[in-house]
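Here the structure is laid out as structure tokens; the discussion comes afterwards.
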Amino acid sequence: MPKSKNIVKFRTADITFTIHATENDDLLISTISKNLGLFSKEFQIKDYLGHYENQVKIVRIHILSDRIIPFTTHLFNSLSVSDRKNLFNDLPKHLDKHYSFYLRLDKQLLITNIFKISLVDCVRIKLKIDFTLQKYNNIKMIDAYMNLLR
């Protein structure tokens with residue numbers, strides 16, 4: 001199937017992950033930020049207590065439009081062909097009603113610079129589309145996402 005010229009443009013990205021008391025927070029943040037092409041000093045860290053009163057940290061970074069293209073290009077180029085195919089086949093499960101795109105990467109594999117879709121112990125990524133694309137109809141938006149994942 002040939003690609004159309006319809007391409008998704010993202011406005012922002014939100015990345016979050018948890019660090020448990022048994023994990024090395026400095027190592028995790030520095031390695032994950034490096035592998036995602038980000039700066040570790042930009043991550044915001046909040047401390048919480050877990051269910052059993054153990055220390056849990058929520059790490060978050062918000063990427064704005066001036067850096068979104070290099071980030072998303074690196075992200076999608078780093079996914080395996082099989083993961084892109086799975087995202088392509090399950091696309092509706094990864095979109096909300098505003099066409100924001102959600103994916104989760106395996107945190108432990110990301111430390112080794114392997115980008116693998118996962119549902120457990122993951123780095124959550126939410127990509128918001130550019131406002132100008134929200135006027136598109138459903139078919140055009142789905143087509144744009146499919147082009148991204150081909």
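The values are calculated or read from the model by the stated rules, or taken from the named source; none is laboratory data. These figures come from a predicted structure and were not determined experimentally. Neighbour counts run over all protein chains shown; Cβ positions are idealised from the backbone, glycine included.
Quick notes on this one:
- Residue match in region 1-14 (condition: surrounded by 13 or more Cβ atoms within 10 Å (Cβ to Cβ) and either in contact with a Ser or Thr (Cβ under 6 Å, 6 or more places away or on another chain) or over 29 Å from M146 (Cβ atoms) (or both)): yes
- Checking each residue in region 43-61 for being more than 18 Å from C122 (Cβ to Cβ) and either touching a Leu at 6+ places or on another chain (Cβ under 7 Å) or surrounded by 13 or more Cβ atoms within 10 Å (Cβ to Cβ) (or both) picks out only Q55.
- In region 103-116 there is no residue that is among the hydroxyl-bearing types (S, T, Y), out of contact with any His (no Cβ under 9 Å at 6 or more places or on another chain) and surrounded by 12 or more Cβ atoms within 10 Å (Cβ to Cβ).
- Boolean, K5 is at pLDDT below 90 and basic (K, R): yes
- Considering residues of region 119-129 that are out of contact with any helix residue (DSSP H, G or I) (no Cβ under 6 Å at 6 or more places or on another chain), buried (at least 17 other Cβ atoms within 10 Å of the Cβ) and not charged (D, E, K, R) only, the residue nearest to S82 (Cα to Cα): I125
- Members of region 107-150 found to be among the hydroxyl-bearing types (S, T, Y) and modelled with pLDDT under 75, listed by number: T132, Y136
- With respect to (1) among the acidic types (D, E); (2) modelled with pLDDT under 95; (3) surrounded by 14 or more Cβ atoms within 10 Å (Cβ to Cβ), the lone exception for D90 is condition (3).
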